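One structure is given here, and the rest of the page talks about it.
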Amino acid sequence: VATGLSFTVILTRNGLVYTCGSNTHGQLGHGDTTDRAAPKIVELFKGPSPVVQVAAGASYTFAVTDDGTVYSFGSCTNFCLGHGDQHNELLPRAIQSFQRRNILIVRVSAGDEHAVALDALGYVYTWGRGYCGALGHGDENDKTSPELIVGLKGQVAVQVCARKRKTFVLTDEGSVFAFGWMGFGSLGFPDRGSSDKVMQPRVLDSLSSHYVSQISTGLYHTVAVTNKEIMFDKSSIEDIAIAAPSG
């Protein structure tokens, strides 16, 4: 399940997509702007390629199919849909930039004003509003269609995560790279210096002693999960057993 601003996207086990809620910009993918009080199936995704992942921005939606195609629909403000224009899409539309280059996408994340995608080889692409360096290209320029982040060369990404003016990338070595807005410390860098912006991917040193397995970010905070084992000695285990409730 993915949730946007007043709408919901539901992915079933067999790869079908249902949407409901506000449909002001066509973010439900039914070819109109009529709100839906109950989940309605998105007809386009009843084809031979099941959907394997969905993501929702404020007023737009992404769906990734098992053949590596990314579809986007809804509001295209800030070029968030990745089609090179700012025309709203009432029906799911494949992002041609990936298809033309035979790039197979496995995961996408929708921020408030930008998006990030991960391909099958571990490369990362961003597009949308570049404010505060959220796209990771070393500037604050907007990108109308997906662009490879060259600052992550040599890294193999396994997860991407975007939210308000910031992006996180998790690598196969358990390292976390972050870039964008440092507001409220949500990027995890203690040294703000003279700027609250990180313009290019920067490794999060505070987690260097851990192998991070998952990361998630909200508007003003971020959570990381590690797979580091916790070792207990015999007395600790006994204490835990004694303290455990019966029944």
Legend entry - Table column - 3J(HN,Hα) (Hz), segment 12-28, Karplus curve with 6.51, -1.76, 1.60, x for Gly and Pro: 8, 4, 8, x, 8, 10, 10, 9, 7, x, 5, 9, 4, 10, x, 5, 8
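If the only charges are +1 at each Lys and Arg Cβ and -1 at each Asp and Glu Cβ, what is the size of the charge dipole of segment 2-243 around the Cα centre, to the nearest 20 debye? Don't skip to the end; give the middle numbers.
On the way: 20 positive and 23 negative charges, 68 e Å.
Computed about the Cα centre, the dipole is about 320 debye.
Given 0.36 nm per residue, what is the gain on full extension from T12 to D196 after removing their alpha carbon distance, in nm? Show your work: numbers first, answer last.
Values: separation 184, 0.36 × 184 = 66.24 nm, distance 4.01 nm.
Once the chain is fully extended between T12 and D196, it gains 62.2 nm.
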Inset, instruction - Name the residue, out of T226, T69, T61, whose mean-square fluctuation peaks in a Gaussian network model built on the chain with Cα pairs under 10 Å. - result: T226
Inset, instruction - Between V203 and S216, with labels modelled 7 Å along Cα→Cβ, what's the label distance in nm to one decimal, could you check? - result: 2.7
Legend entry - Tilt relative to the chain, helix 234-243 - C-alpha long axis, 0 to 90 degrees, to 10: 70
Legend entry - Global size of segment 2-243 as Cα Rg and Dmax, reported in angstrom: 19.2, 64
Inset, instruction - Find out how many positive minus negative residues lie around G84, taking Lys and Arg as positive, Asp and Glu as negative, among other residues whose Cβ is under 13 Å from that of G84. - result: -1
Inset, instruction - Please report the relative contact order for the chain, taking Cα pairs under 8 Å with a sequence separation of at least 6, and give it as a percent rounded to a whole number. - result: 11
Inset, instruction - For D139 and C20, compute 0.36 nm times the residue count separating them, minus their Cα-Cα distance, and round to one decimal in nm. - result: 39.2 nm
Legend entry - Between segment 29-67 and segment 118-173, the Cα center-to-center distance that results, in Å: 24
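If you put +1 on each Lys and Arg Cβ and -1 on each Asp and Glu Cβ, how big is the dipole of segment 1-128 around its Cα centre, in Debye rounded to 20? Numbers along the way, then the final one.
Numbers: 8 positive and 10 negative charges, 53 e Å.
Once rounded to the nearest 20, the dipole reads 260 debye.
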Legend entry - GNM result for the chain, Cα springs below 10 Å: residue of S59, S206, S22 fluctuating most strongly: S206
Legend entry - In Hz, Karplus ³J(HN,Hα) per residue of segment 172-185 (6.51, -1.76, 1.60; θ = phi - 60°; x = Gly, Pro): 5, 8, x, 8, 10, 10, 9, 7, x, 7, 8, x, 6, x
Legend entry - 3J(HN,Hα) from dihedral phi, segment 195-205, Karplus parametrisation 6.51/-1.76/1.60, rounded to Hz, x for glycine, proline: 9, 9, 10, 10, 7, 9, x, 9, 6, 8, 5
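Using r as the Cβ-Cβ distance of K40 and R100, and R0 as 25 Å, what FRET efficiency do you calculate, to the nearest 0.05? If you can, show how the numbers build up before the last one.
Details: r = 32 Å, r/R0 = 1.26.
The pair K40/R100 has a calculated efficiency of 0.20.
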Inset, instruction - Could you sort 90-98, 165-173 so that the peptide with the highest average Cβ count within 10 Å comes first and the rest follow in order? - result: 165-173, 90-98
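All of the numbers you see were taken from the coordinates with simple rules; none came from a lab. Model, not experiment: these values are computed from the prediction. Using ideal geometry, Cβ is built from the backbone for each residue, glycine included, and neighbour counts are taken over all protein chains shown.
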